[in-house]
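A.B. asks: Sharing a structure below in structure tokens format, with a few things to ask.
The values are calculated or read from the model by the stated rules, or taken from the named source; none is laboratory data. Because the structure is predicted, anything quoted here is derived from the model rather than measured. All Cβ positions, even for glycine, are placed from backbone atoms using ideal geometry, and neighbour counts span all protein chains on display.
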């Protein structure tokens, strides 16, 4: 089963290497990884996609939570969330195929970001299946090169990831009554 995990981490040098090294040393395969700044300049968000059963996911999460620079880990897979990939793809337009490619770009709601004498570069974002479908449609025209980002995801609800995490934590016990 595919799981999308989000980890808020301290924005420090070496955090990505530490986390990816830990996962690799325990033979966890990362299908997708994206890291970027958050609204808080002291934190970055890492979005992982891993395949595995519940036991594997539990191991991944526990290992991540042991790392000092990891502030919070959230499994989006059981939540209502939005995920997107981004891709830049350079497509051949030799042989008068430019108008056909342009029409397909419009259908997929992508956009041309660079034009050369024999190619166009297209930017497209969306769910993984949309990106994969666009690649399949472009193959006959000739894909010169492409690059994809890792998956990014956020919860759909009005609550932030912090609010969700606070709901998952048990309520602390009230302080004992003071005696005089």
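A.B. asks: Take the conditions in a helix (DSSP H, G or I), within 19 Å of the chain's Cα centre (by Cα) and in contact (Cβ under 8 Å) with a residue 60 or more places away in the chain and apply them to residue 77. Does it pass? Write out each step before concluding.
C.D. replies: On the way: in a helix (DSSP H, G or I): yes; within 19 Å of the chain's Cα centre (by Cα): yes; in contact (Cβ under 8 Å) with a residue 60 or more places away in the chain: yes.
Taking the combined requirement at face value, the residue satisfies it.
A.B. asks: Tell me which of these residue 179 doesn't satisfy, since it passes every other one: (1) part of a loop (DSSP other than H, G, I, E, B); (2) at pLDDT 95 or above.
C.D. replies: Failed condition: (2).
A.B. asks: In this structure, does residue 159 turn out to be under 30 Å from residue 8 (Cα atoms), at pLDDT below 90, out of contact with any strand residue (DSSP E or B) (no Cβ under 8 Å at 6 or more places or on another chain) and part of a loop (DSSP other than H, G, I, E, B)? Don't jump to the end; show me each part of the working.
C.D. replies: On the way: under 30 Å from residue 8 (Cα atoms): yes; at pLDDT below 90: yes; out of contact with any strand residue (DSSP E or B) (no Cβ under 8 Å at 6 or more places or on another chain): yes; part of a loop (DSSP other than H, G, I, E, B): yes.
In short, yes.
A.B. asks: Next question. Of everything in segment 21-74, what is without any contact (Cβ under 8 Å) to a residue 40 or more places away in the chain, closer than 18 Å to residue 155 by Cβ and not in a strand (DSSP E or B)? Give them in sequence order.
C.D. replies: 38, 39, 40
A.B. asks: Looking for something loosely packed, with under 14 Cβ neighbours inside 10 Å, at pLDDT below 95 and closer than 30 Å to residue 140 by Cα - is there at least one such residue anywhere in segment 72-95? Can you show your working first?
C.D. replies: Initially, segment 72-95 is screened for residues loosely packed, with under 14 Cβ neighbours inside 10 Å, giving 78, 80, 82, 94-95.
Next, only the ones that are at pLDDT below 95 stay: 78, 80, 82, 94-95.
The next check asks that each one be closer than 30 Å to residue 140 by Cα; those that pass are 94-95.
Yes, that holds for at least one residue.
Table: residues versus (1) at negative phi; (2) in a strand (DSSP E or B); (3) touching a strand residue (DSSP E or B) at 6+ places or on another chain (Cβ under 8 Å).
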site	(1), (2), (3)
87	yes, yes, yes
95	no, no, no
99	yes, no, no
102	yes, no, yes
105	yes, no, yes
122	yes, yes, yes
125	yes, yes, yes
129	yes, no, no
